[in-house]
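The values are calculated or read from the model by the stated rules, or taken from the named source; none is laboratory data. Since this is a predicted model, take the numbers as computed values, not measurements. Just so you know, the surface numbers come from the protein's heavy atoms only, side chains and all, with ligands and any DNA or RNA stripped out. Shrake-Rupley method; radii C 1.70, N 1.55, O 1.52, S 1.80 Å.
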Amino acid sequence: MIFDDALAQVLTAPATLPQRVQDAQITLRYAAAETAADEAAGLLDMLTIILPLYRAGFLSADGAPTPDAACEMTMETGQSACFALTGFGHTPVMLHGLLRLVWLSYQTPPGAFDQLVQMLGDVEEAKEIFQDRNFADLITTVTLAAKGQGDVPFADMTVPRTPEYATLAAHIARSPRDLDVEIKGRFSLPQDVENAFLTAHNAGLFGDPPPLAQAEPEIWTTPAGDGVVLHVRDYMGDASYLVELINLCLAGDLSTVAKVIAA
């Protein structure tokens, strides 16, 4: 699991998940009926921004795109919202990540107020805009259901990939967060996929949410001979997620990655 105990305590989920998740439902029951619709709409907005990343094949079972992947939200009652995922073909890690997003959407990170004061330079101004959100006060139950192919334990975090994938992830994990990746051949990073990846990073899906005063990560490419150099700056997430992005941009052919160097 990659989410907090506060969510685990209110989560109802099956003991096993499909090895290839095709459809799923995440149902949230909110503590306050008067704010439930607005809270659910806010989460849907975040899911909509991130969705192009999953459509491109991020964490899909075979690394292939799933262009028909969609997410819709319906208010089942005045206090319950169901987020329906359809058209996917992803590993359970995708669902664990979305559950993590649910938790992070309703929980203020530790030290957030001090970070806000540092960023603004004014305690009173920080007090005026700071919102202290506590997941346990906002969400009473979370229910997960999923359909698909195969069967693995709920906690299985396996993403089947090539040996080159693991080698590159280990290399990047040993590198500084500012790095350049030399790639031979074509490399395609659509703008909506880039935006989705950076939004997911800043939301904390790939690791602890970055401090408020931390510069936002940047990803861009420059031509280099018959290939490109992928420039990565201020990436603070787990190395495997960055490799997953590179993998989908190269359609699974990581053999074209020539070198990773510190910037």
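If I fit a long axis through the Cα atoms of helix 163-173 and take the longest principal axis of the Cα atoms of the chain, what angle between them do I get, 0 to 90°, rounded to 10?
The angle comes out at about 70 degrees.
How far, in degrees from 0 to 90, does helix 239-249 lean away from the longest principal axis of the Cα atoms of the chain, to the nearest 10?
70
With all protein chains present, calculate the accessible area of THR86 using a 1.4 Å probe and round the result to the nearest 10 Å².
Surface open to solvent at THR86 totals about 60 Å².
Suppose only helical runs count, i.e. DSSP H with n ≥ 4. What mean residue ellipticity at 222 nm does that imply for the chain under -39500 (n - 2.57) per run, divided by all residues and rounded to the nearest 500 deg cm²/dmol?
It comes out at -11000 deg cm²/dmol, rounded to the nearest 500.
With all protein chains present, how much of the accessible area of the chain (probe radius 1.4 Å) comes from carbon and sulfur, to the nearest whole percent? Don't skip to the answer; put the middle values down first.
Working: 6370 of 12530 Å².
Its accessible area is 51 percent carbon and sulfur atoms.
Rg and Dmax of the chain, Cα atoms, in Å?
Gyration radius and largest Cα-Cα distance of the chain: 19.2, 58 Å.
Could you work out the relative contact order of the chain, using alpha carbon pairs under 8 angstrom and six or more residues apart, expressed as a whole percent?
Once normalised by length, the contact order is 27 percent.
Semi-axes, largest first, in whole Å: what does sqrt of 5 times each Cα gyration tensor eigenvalue give for region 126-263? Walk me through the numbers on the way to the answer.
Values: eigenvalues 186, 103, 34 Å².
Semi-axes from the Cα gyration tensor: 30, 23, 13 Å.
May I ask for the angle, rounded to the nearest 10°, between helix 92-105 and the longest principal axis of the chain, with both axes built from Cα atoms and the value confined to 0 to 90°?
Between the helix axis and the principal axis of the chain, the angle is about 50 degrees.
Across all directions of projection, what mean area in square nanometres is found for the Cα convex hull of region 5-100?
6.1
Rank these by accessible area, largest first, 1.4 Å probe: SER80, SER188. Write out the running numbers ahead of the final one.
Numbers: SER80 15, SER188 70 Å².
Ranking SER80, SER188 by accessible area, largest first, yields SER188, SER80.
Looking only at GLN107, GLN22, GLN131, which one moves most when the chain is put into a Gaussian network model with springs between Cα atoms under 10 Å?
GLN131
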